[in-house]
Each structure stands twice: as C-alpha cells, then as structure tokens.
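Engineer: Submitted below is the structure of interest, expressed as structure tokens.
The values are calculated or read from the model by the stated rules, or taken from the named source; none is laboratory data. Nothing here was measured: the structure is a model prediction, and the numbers come from that model. Neighbour counts run over all protein chains shown; Cβ positions are idealised from the backbone, glycine included. Areas reflect the complete protein model, heavy atoms only, side chains present, ligands, DNA and RNA absent. Shrake-Rupley method; radii C 1.70, N 1.55, O 1.52, S 1.80 Å.
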Amino acid sequence: MDNMSIASHQMLTRIRLFMALSRTPHGLLDMATPALGAMLFLGAVPSAQIVALGLLTALAGYTAVYALNDVVDYRADTEKIRKCGLQCRDSDLDSVYARHPLAQGLLTLKEGILWSIAWAAVALIGAYALNPVCAVIFVLGSAAEAAYCLLLKVSHLRTLVSGIVKTAGGMAAVFAVVPNPPVSFLVCLFLWLFSWEIGGQNVPNDWTDLGEDGNLNARTVPLRFGTDGSAGVILSCLTVSVLLSVALFWATPAKLSPLYLVGAIAAGVFLLLVPALRLYKNRVSRHAAALFNRASYYPLAMFAIVVVSSF
C-alpha cells in the first residue's frame, strides 16, 4: 500500500470515528422528523430554499447534539468501560462504526468539543435564518440534552427530558414553514413525538444497558421499575403514540387523504406495537434492542405516508 493509500485510509477511519461520535446513521434517520413535521402541517413540499436550508440545519443540529451527548457523558462512559468493558452490540444503530469513541480514546475530548461546537454553529445560523424561534428551540434542545446526560445518576425522570429533546426537530420545522402555527396542532405533535421517544427509543435503549447502568449506579426507568414496569411503560407510551398519530389527521391544517389513516395505523402496529408486545411478553434485552431499532424507522415511515397521502 503506497503512502497516498495509507493517508486516504487513515482519513476515512477518522471520518468514521467522527460519524460514530455523532451517531450519523441514527441521525440521518432522525432527520425525517423535522421533514415530517413540516409536511404534516403543510400537506405539501415547502419552497426549495426552505428545503435546502432545512436539510442542512437538521443535519448540523443532529450531528451536534449527538456529539454533545458523548462529550457531556465522557466521564460516565469512561467509567462504564472501565468497570464493565466495552459492550459491543453490532445490531444497535448507535454502535455503527464505533461505540463511545471519546471514552475509548479513539478521539480526544478536545476534538469532540470542537466538532460539536462547529456543527452547532452551523445549525444555529441555519435555524435563525429559517425563523428565530427555530434558533431558540435548538438552543433549548441542546441545553436539555446536556441536562439529560448530567442527570444520569440523579433521577430516572431524566427520560422525560429525553422526550422533550426528541420533539425539538419536529417542532422547529413547523415554525420554519409558518410563523404562528395553531397551538392545538403543536400540542398534538409534541405529545406524539414525546410518547414515541419514551416508549420506542429511550426506555428500550436503557433496557439494553441495564447491567452496565446498574454497575454505574445510574438512575433509569428500567433500574427504577424493573423489566416488568418498563415493559408496561413502553407499551403504554407506544399505544398513546399510535392513537395520537391518528388524531393528527384531524389536528393538522393539511388536507390529507384517508390513506394517511391506513398508513399511520399500519406503521404504528408494525414498527411500534408488534415489537413492544413481543418485549412485553418475553422481557429480554435482545427484544428491547429490536424494538429500539425498528422504532427508529418510524418517523421516516410516517414521512413517506404523509407524502403519499398529500397528493
């Protein structure tokens, strides 16, 4: 292998490490959430300018916030690896490329901070250009993400903070396409995404980390309520999420065809309720991981459903 090939390989490895820091595969899926929020309100594709700026802002925002998670959690992740070793889960979307590259020493903390700040600056500028309210939502969402990490050993109620963080993209996207959206629609959208995040993402993910978090004296829903209680929380939240997805048909100002209702129910059952019921029945970690992965595709599936039912 010549020097140029070696340099190219090293550069590609570095890029993958930064992508791992920002959980890029998961972040790309999450970008469907703001697109979903905008389409669900308008029932049509926004202008080319808003689409282009919105995509850049969403990419920068999710890249920055996911990296911020590992930066703030640096000490906790390092302690977790020291006590429990590196638990590799190849099937986990958040473990693609590498898991916790900062805590592993694959990237320096300074590099992680600079990476997060740079992308946050891009996101903040883009959000402000779309609507100053979007910039405020981004700042508050980033602060909430930091608070969520800092509450790891404080309270299991930090899961509620996670729910708030995951609604930020969808809520900001609505303000990007309309200055004063109806409060009723915003409330329904917020609760829908909030319940999906709690039941389909946060609690299942903490379930898969049950052993590690226990050794770390963390405070999570699975540690507080056990697998029985967590299974109930997950199923309840996802049932509410599916019901709210149906309610959005009447809450949105957009004129959606009845195909939306068929698609929303089908997506909710297949991506959320079926794996949640399997976890409720068997209550094993691999089913929690399977639910997390399948639920991660829910915003993208709902975006596709809204697009189809808008024409």
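Engineer: For the ranges 101-108, 269-276, 48-55, what's the packing order if you count other beta-carbon atoms within 10 Å of each residue, average per peptide, and put the highest first? Walk me through the numbers on the way to the answer.
Structural biologist: Values: 101-108: 18.2, 269-276: 20.0, 48-55: 15.0.
Those peptides, ordered most packed to least, come out 269-276, 101-108, 48-55.
Engineer: Please list the three semi-axes, largest first and in whole Å, of the ellipsoid equivalent to the range 118-167, using sqrt of 5 times the eigenvalues of its alpha carbon gyration tensor.
Structural biologist: They are 25, 11, 6 Å, listed from largest to smallest.
Engineer: Is any helix in the chain, taking whole DSSP H runs, at least 20 angstrom long along its axis by alpha carbon and on average at least 0.5 on the Kyte-Doolittle scale, and which ones?
Structural biologist: Membrane-span-like by this criterion, though nothing is claimed about a membrane: 3-21, 48-72, 109-130, 132-150, 158-177, 183-197, 221-251.
Engineer: On to the next question. With the chain treated as a Gaussian network of Cα nodes joined by springs under 10 Å, which of VAL154, VAL183, VAL72 yields the largest mean-square fluctuation?
Structural biologist: Highest fluctuation among the options: VAL183.
Engineer: Name the chymotrypsin sites (Phe, Trp or Tyr not before Pro) in the range 111-201 that are in a loop by DSSP and that have at most 14 other C-beta atoms within 10 Å, would you? Display every interim value, and only then the final one.
Structural biologist: On the way: sites: TRP115, TRP119, TYR128, PHE138, TYR148, PHE175, PHE185, PHE190, TRP192, PHE194, TRP196; in loops: none.
Within the range 111-201, no chymotrypsin sites (Phe, Trp or Tyr not before Pro) qualify (loop, at most 14 other Cβ atoms within 10 Å).
Engineer: Here is a further query. How big is the gap, in Å, between the Cα center of the range 60-81 and the Cα center of the range 172-206?
Structural biologist: One Cα centre to the other: 23 Å.
Engineer: So if I place +1 on the C-beta of Lys and Arg and -1 on the C-beta of Asp and Glu, and nothing else carries charge, what would the dipole magnitude of the range 220-311 be about its Cα centre? I want it in debye, nearest 20.
Structural biologist: On the way: 7 positive and 1 negative charges, 43 e Å.
Dipole magnitude for the range 220-311 comes out near 200 debye.
Engineer: What is the percent of Cα-Cα separations in the chain that go past 27 Å? Numbers along the way, then the final one.
Structural biologist: Values: 20388 of 48205 pairs.
So the portion of pairs separated by more than 27 Å is 42 percent.
Engineer: Starting from the Cα-Cα distance between ARG278 and LEU114, subtract it from 0.36 nm times their residue separation and give me the gain in nm to one decimal.
Structural biologist: Values: separation 164, 0.36 × 164 = 59.04 nm, distance 4.18 nm.
Extra length from ARG278 to LEU114 when fully extended: 54.9 nm.
Engineer: In the range 143-235, if the dipole is taken from +1 on Lys/Arg beta carbons and -1 on Asp/Glu beta carbons about the Cα centre, which of SER195, ALA143, VAL183 is farthest to the positive end?
Structural biologist: Farthest towards the positive end: VAL183.
Engineer: Restricting to lysine pairs 8 or more places apart or on different chains, what number in the chain have Cα atoms under 27 Å apart?
Structural biologist: 9
Engineer: Along the Cα-to-Cβ line of GLU79, 7 Å from the Cα, sits a label point; which residues in the range 155-178 have backbone N less than 13 Å from it?
Structural biologist: 155, by backbone N distance to the label point.
Engineer: Kindly report the accessible area of the chain per residue (heavy atoms of protein chains, probe 1.4 Å, no ligands, DNA or RNA), in Å². Intermediate values should be presented prior to the final figure.
Structural biologist: Values: 13980 Å² over 311 residues.
On a per-residue basis, the chain sits at 45 Å².
Engineer: Could you give me the percent of Cα pairs per 10 Å distance bin for the range 247-311, shortest bin first, beginning at zero and ending with the bin that holds the maximum distance?
Structural biologist: 22, 42, 24, 11, 1
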